[in-house]
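Read through the structure below, which is laid out as structure tokens, and then see the notes.
What follows is calculated from the coordinates using simple rules that are stated; it is not laboratory data. Computed from a predicted structure; not experimentally measured. Quick reminder, even Gly has a Cβ in these numbers, built from the backbone with ideal geometry, and neighbours come from all protein chains shown.
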């Protein structure tokens, strides 16, 4: 059986994942407003991924006979100074999520909760991919600076991203 302390921590992570989805949805709206449909598409896929993460944790808690308790989701920012600023905010957020996941692993290990530690390994690996994909876009945006043509090329590239459950 899963401990109440672990359930509380996982419920907090559901909230963090839902906030992540909300943040990326806000970023998608920012990009839509600025007619950058490829960037918006990238954020739409990211939103779906974050919702999937929340669902995985939700299901895990239920599978372990814990109680899911959903909390209020904080309002995210809705405007950024530039596409670069939005992706820098995304990268900082992913680093924050990575830290949260690492703390969950430490808690599970401390509680000798091998099932939860095993479950969280997927999230540890996922965060490596999450941070990597965002920082690559940050670096490209830094490289192109204010080049409208280059920004549109990146926009075209990001339009190709597809959600894979």
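For the reader, a short list of remarks on this structure follows.
- Residues that are surrounded by 14 or more Cβ atoms within 10 Å (Cβ to Cβ) and over 15 Å from residue 39 (Cβ atoms), drawn from the range 116-152: 116, 117, 119, 120, 123, 124, 126, 127, 130, 131, 135
- Helices (runs of 4 or more DSSP H) (entirely within the range 53-158) containing at least 2 residues that are closer than 14 Å to residue 2 by Cβ and either within 21 Å of the chain's Cα centre (by Cα) or without any contact (Cβ under 8 Å) to a residue 24 or more places away in the chain (or both): 83-110, 114-144
- Hits in the range 29-39 (condition: surrounded by fewer than 21 Cβ atoms within 10 Å (Cβ to Cβ) and assigned to a helix (DSSP H, G or I)): 29, 30, 32, 33, 37, 38
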